[in-house]
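One structure is given below, encoded as structure tokens.
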Amino acid sequence: MKMKFISNLLISKCRYIILLLVLAIFTFSCGSHQIKEDKGFKELFNGKNLDGWVGNKDSYKAIDGMIVVDPNGGGSGGNLLTSNEYSDFILRFEFQLTPGGNNGLGIHAPLKGDVAYLGKELQILDNTAEKYANLKPYQYHGSVYGIIPAKRGYLNPVGEWNQQEVHVQGSKIQIILNGTSIVDADFLEASKNGTLDKKDHPGLQRSKGHIGFLGHGDIVRFRNIAIKDLSTN
């Protein structure tokens, strides 16, 4: 009886050790996948200051590892753009909206002028705010302003952090919000019969420019901003 008990105990210990080994291999595999996944990405924001950025540094401030729009800053938010220009890329970032928050992600942007028309603006917006209930489809979060409407219903509740990934290659764009693709289209194809807002968008012909945030004076927070430059690969 005693030998049987010892035998069962040894079997249990062996099973426990095997389980630990399987978990260790799984963890290592996931970790390796994450490292491989992040290969080639470069931080755009160092978490400490706005080095590498140009524009309205009165309204945009580096606070506790975040870029935060200060509503008391000058220029009602204004633009904060990367000092470098990018053509084809994958951009990753996280953002946190406040009630009624409104901002934008500019891509292929010039340093001066309205990026929504002279570059391309991807909406960053609290879709649930009552004041935005009657917007046009191309004005809600993730939409390419005036050009391509985004799918709705994938933002986290206001106050929670959202993860967004933007893929741009040639005239094609994909926007992934919290793991769901909300835009997958072609700028030129979408506008070949005219733009949805019926306005001129010369920025559709731009294939290179700055990336950045286009504020409206609302408090919005950004963090973990990184880019993979596909034009150099």
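Computed packing ranks the peptides 201-211, 141-151 as 141-151, 201-211, most packed first, by mean other Cβ atoms within 10 Å.
Past 23 Å, Cα to Cα: identify those pairs from Lys120/Lys172; Lys42/Lys136; Lys112/Lys208; Lys151/Lys192; Lys39/Lys112, in the order given. The answer is Lys42/Lys136; Lys39/Lys112.
Using the Cα coordinates of the range 47-177, the gyration tensor eigenvalues translate into equivalent-ellipsoid semi-axes of 21, 19, 15 Å, sorted from longest to shortest. Could you tell me which residue out of Ala185, Gly55, Leu80 lies farthest along the dipole of the range 43-232 toward its positive end? Charges go on the beta carbon: Lys and Arg +1, Asp and Glu -1, centred on the Cα centre. The one lying farthest along the dipole's positive direction is Ala185. Of the GluC sites (Glu not before Pro) found in the range 160-233, those that fall in a DSSP loop while having at most 16 other beta-carbon atoms within 10 Å are Glu160.
Taking the Cα atoms of the range 51-111, the ratio Rg/Rh between the radius of gyration and the Kirkwood radius comes to 0.94. Would you give the gap between the C-alpha center of the range 78-149 and the C-alpha center of the range 200-233, rounded to a whole Å? Measuring centre to centre over Cα atoms gives 8 Å. Taken along the Cα-to-beta-carbon direction at a fixed 7 Å, the label points for Gln205 and Asp229 span 2.6 nm.
Read-outs: derived from the displayed coordinates by stated rules, not from any lab. Everything numeric here is computed off the predicted structure, so don't read it as measured data. We place every Cβ from the backbone using ideal geometry, glycine too, and count neighbours over all the protein chains shown.
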